[in-house]
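To start, the structure itself, in structure tokens.
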Amino acid sequence: MLKLLLLTLAGVTMAGVAVATVSAGSVTVFQEDRKFSEAGVTISAGQSVTFINRDNVAHNVYSKSPGMGFDLRIQKPGGASAVAFAHAGEADVMCAIHPQMRMKVIVVP
């Protein structure tokens, strides 16, 4: 059974790159100019992805991928939320408000 942990964070700053692989506890993805800062990220099971809205508009980050689904609901500018991924799989991540915003989270064992 998929267990997701949603956290609200504030004041986190990290530089984004096109594709990131992380071995520590978390990777950060920014929302800027109505796009994600990463095309995709690879993390290990048990790690999390923190989504930070650096845009001047609200976003609604979510995934409906089987076994990897989550919905962060409306995230206002400056807002931050983390999603912990408990097991291996792939999540296609999108914004419900801006359909051009897409990225992938790959979770390895």
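Points worth noting:
- On inspection, Gln100 passes the criterion of being touching a residue at least 24 places away in the same chain (Cβ under 8 Å), over 14 Å from Ser26 (Cα atoms) and over 10 Å from the mean Cα position of the chain (by Cα).
- Scanning region 24-76 for residues that are surrounded by fewer than 19 Cβ atoms within 10 Å (Cβ to Cβ), within 18 Å of Pro99 (Cα to Cα) and free of Cβ contacts under 8 Å to residues at least 60 places away in the same chain yields a total of 14.
- Test: residue in region 57-65 that is over 16 Å from Phe36 (Cα atoms), part of a strand (DSSP E or B) and out of contact with any Lys or Arg (no Cβ under 8 Å at 6 or more places or on another chain): no
Just so you know, all these numbers are worked out from the coordinates, no wet-lab data involved. Keep in mind it's a predicted model, so treat the numbers as computed, not measured. Cβ sites come from the backbone with ideal geometry, for glycine too, and all protein chains shown count toward neighbours.
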